[in-house]
Each structure stands twice: as structure tokens, then as C-alpha cells.
Amino acid sequence: QQQVKQSPQSLIVQKGGIPIINCAYENTAFDYFPWYQQFPGKGPALLIAIRPDVSEKKEGRFTISFNKSAKQFSLHIMDSQPGDSATYFCAAPRTSSSNTGKLIFGQGTTLQVKP
Amino acid sequence: DAGITQSPRYKITETGRQVTLMCHQTWSHSYMFWYRQDLGHGLRLIYYSAAADITDKGEVPDGYVVSRSKTENFPLTLESATRSQTSVYFCASSLTGGQYGYTFGSGTRLTVV
């Protein structure tokens with residue numbers, strides 16, 4: 001079964017640190033790799049996404065790095081703040097015959113940024 | 001209000017009961033999805049719909065039924081609830097099938113006792 005493997009499961013950093021979350025995927029239907037951010041009691045919200053015609057994308061303090069040959073992509077949070085404390089999910093499009101294109105999510109990473 | 005809304009926010013039901021979770025979106029998005037979120041499993045797709053009257057199974061459809069008679073509504077029914085269906089359920093919608101991301105509702109926390 002197609003999977004997206006996300007690590008680490010949890011992460012604690014000090015304010016100003018640079019947490020890094022990694023994801024590895026299998027073959028995908030098309031090239032689109034989003035990251036979602038989820039606060040307690042809320043639904044996931046699209047944070048940033050990349051199409052791998054570029055190897056890196058930045059939006060504010062959030063950066064996605066993409067390595068197509070290794071089938072890996074990662075999220076970096078620069079100058080992390082306590083307000084960044086949340087659960088982060090990576091996702092990739094499925095390739096299964098009945099679910100082609102639908103997003104499959106990683107297991108999630110719970111990030112805590114200490115003041 | 002514009003957006004995607006789920007109801008109820010919290011539900012406690014007994015084993016064997018039928019329960020329906022509601023999802024409503026105001027964007028006229030073609031695609032709608034139901035996911036369940038469990039610790040250690042992330043988000044798993046239960047069912048999705050590409051348009052009104054078109055639905056298909058995701059990766060964990062057993063024990064669930066969906067319908068989509070109107071574009072804006074996508075209810076999820078647990079025909080005979082089991083404890084293993086205790087979870088947080090998220091509805092999502094998308095203009096396309098996934099190429100530009102999904103918008104999620106706030107979720108329904110379901111406890112089966």
C-alpha cells in the first residue's frame with residue numbers, strides 16, 4: 001500500500017531554533033507536495049506546497065526542500081516561535097487505480113516550541 | 001457563513017447505533033472527502049466524492065456509508081458503530097481532486113462506548 005513516511009513523530013525546540021520535519025514518498029500520480037498545519041481542536045490547514053520543478057520554496061519563515069531523486073521532501077521552520085507549536089502533516093498524491101490523485105498523508109509530527 | 005462546516009463537533013454514541021456526521025460547504029467545490037484522524041495513523045481517507053451522486057471508497061471504508069445528493073452536502077453514516085470507530089473525523093473539500101490542496105472542516109470527535 002502506498003505510504004508517505006514522516007519523521008520525527010514529535011519534536012521539541014527552543015524559540016528561535018530551526019525544526020526540520022522529513023517525509024519520504026513512493027511513486028505519485030503527479031508532482032504536488034503540500035504541508036498542513038493543525039492546531040489543537042482545529043482541522044488541518046494548508047501551510048505551503050511545492051511542485052518539484054524547483055528544489056526549494058519559501059513562504060515567510062517556512063521552507064520546503066525537495067529531492068526528487070531521493071523521493072524526499074522536508075519542512076524547515078526558521079526562527080521558530082511558540083505560536084508555531086502544532087501538528088504538521090506532509091502529503092503526496094496517490095497513484096492507486098481507484099484513488100489516483102487523492103492526497104495521502106504522513107503520520108504527523110507534533111512540534112513544541114519552548115519560549 | 002462561507003466555508004466548510006461539520007456537525008456535531010462532539011458525539012458520544014453506543015456500540016451498534018447508527019450515527020450520521022454532517023458536512024456542508026459553501027464554495028461549490030466538486031470534490032469532498034472524509035478522513036479519520038487517529039494517533040499514529042495520521043489522516044486516512046474513508047470516502048470521497050468527485051461530484052453530486054458520484055462517490056468512491058478510500059483506504060478505510062468498511063463500516064461507513066456516504067451519499068451526495070447535493071454538491072454542498074456530504075454526510076457520513078456509521079451504520080452500526082463500533083469502538084474501533086472512535087476517532088476524530090474531518091471533512092474536506094477541493095476545487096480539484098488534490099492538485100491544489102484541500103480545505104478541512106473543524107472536525108467531529110466521535111466516541112463509541
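The values are calculated or read from the model by the stated rules, or taken from the named source; none is laboratory data. The shown structure was predicted, so the numbers you read here are calculated from the model rather than taken from an experiment. Neighbour counts run over all protein chains shown; Cβ positions are idealised from the backbone, glycine included. These area figures cover heavy atoms from the full protein model, side chains too; ligands, DNA and RNA do not enter into them. Shrake-Rupley method; radii C 1.70, N 1.55, O 1.52, S 1.80 Å.
Looking only at segment A:59-78, count how many residues are more than 13 Å from the chain's Cα centre (by Cα), in a strand (DSSP E or B) and in contact (Cβ under 8 Å) with a residue 24 or more places away in the chain.
The qualifying residues number 0.
Test of understanding: among B:SER30, B:SER69, B:SER84, which residue is more than 28 Å from A:VAL4 (Cα to Cα) and surrounded by fewer than 20 Cβ atoms within 10 Å (Cβ to Cβ)?
B:SER69
Okay, residues lined up against (1) more than 14 Å from chain A (Cβ to nearest Cβ); (2) polar (S, T, N, Q):
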residue	(1), (2)
B:SER49	no, yes
B:SER67	yes, yes
B:THR71	yes, yes
B:SER80	yes, yes
B:THR86	yes, yes
B:PHE104	no, no
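Filter segment B:16-35 down to residues that are away from every other protein chain (no Cβ under 11 Å) and closer than 19 Å to B:VAL112 by Cα, then give me how many there are.
8
Name, by its number, the condition in (1) modelled with pLDDT of 90 or more; (2) within 15 Å of A:GLY108 (Cβ to Cβ) that does not hold for A:GLN3.
The one condition A:GLN3 does not meet is (1).
Inside segment B:88-103, can you point out the residues that are open to solvent by 10 Å² or more (accessible area, probe 1.4 Å) and either farther than 30 Å from A:ASP31 by Cβ or at pLDDT 95 or above (or both)?
B:VAL88
Filter segment A:38-76 down to the residues that are within 14 Å of another protein chain (Cβ to nearest Cβ), crowded, with 19+ Cβ neighbours inside 10 Å and within 19 Å of A:THR110 (Cα to Cα) and list them by number.
Scanning segment A:38-76 gives A:GLN38, A:GLY43, A:PRO44, A:LEU47, A:ILE64.
Surrounded by fewer than 18 Cβ atoms within 10 Å (Cβ to Cβ) and in contact (Cβ under 8 Å) with a residue 60 or more places away in the chain, is that true of A:PRO82?
Yes, satisfied.
Tell me, which strands (runs of 3 or more DSSP E) lie completely within segment B:1-112 with 1 or more residues that are of a type in the set (Lys, Arg) and in contact (Cβ under 8 Å) with a residue 60 or more places away in the chain?
B:10-13, B:108-112
Scan segment A:69-78 and tell me whether some residue there is touching a helix residue (DSSP H, G or I) at 6+ places or on another chain (Cβ under 8 Å) and either hydroxyl-bearing (Ser, Thr, Tyr) or more than 16 Å from B:ALA92 (Cβ to Cβ) (or both).
Yes, that holds for at least one residue.
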